[in-house]
Amino acid sequence: MTSPAPLPPPIRRIVLATSDVWGVSVLDLLSDRRAGRIVAARQAAMTLARDLTLASYPAIARAFRRSDHTTVMHACRRTAQRAAGDPEVAARMEAVRAMVAPAPTEEPAS
């Protein structure tokens, strides 16, 4: 018998992990502040929310206190560009992924 697929992480967990890895407060991630390091971290968190959850663009926008889903679409494009050109960004993204990934379930011994 196979075990059910693990549930995707909640967006809140992604926000907390991104805050920790990027060194930006949760309040800053959810704010309207436009400082470069905050914007990069916020866009990374939005991208990870899109990649790791079943949430739609509008749902992710609401979770980040944004009124428009196109903000999330833009964040996904920019983060992909950043990660492709900057190994540090790619490493941070992977660190957040590792922090929020569901723990593997062990198969019972037969």
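The values are calculated or read from the model by the stated rules, or taken from the named source; none is laboratory data. In this text, all values refer to a predicted model and were calculated from it rather than measured experimentally. Please note: Cβ atoms are built from the backbone with ideal geometry, for glycine as well, and neighbour counts cover all protein chains shown.
Any residue at all in segment 37-47 that's within 14 Å of Ala75 (Cβ to Cβ) and of a type in the set (D, E, K, R)? Yes: one or more hits.
Whenever a residue of segment 28-43 is farther than 14 Å from Arg92 by Cβ, its partners that are surrounded by fewer than 16 Cβ atoms within 10 Å (Cβ to Cβ), lying with C-beta atoms within less than 6 angstrom and at least six residues away or across chains, give the pairs Leu30/Arg65. Across segment 1-19, the qualifying residues are those that are not in a loop (DSSP other than H, G, I, E, B) and not hydrophobic (A, V, I, L, M, F, W, C), and the one among them that is surrounded by the fewest Cβ atoms within 10 Å (Cβ to Cβ) is Arg12. Scanning segment 80-110 for residues being of a type outside the set (A, V, I, L, M, F, W, C), modelled with pLDDT of 95 or more and under 24 Å from Leu7 (Cα atoms) gives a total of 3.
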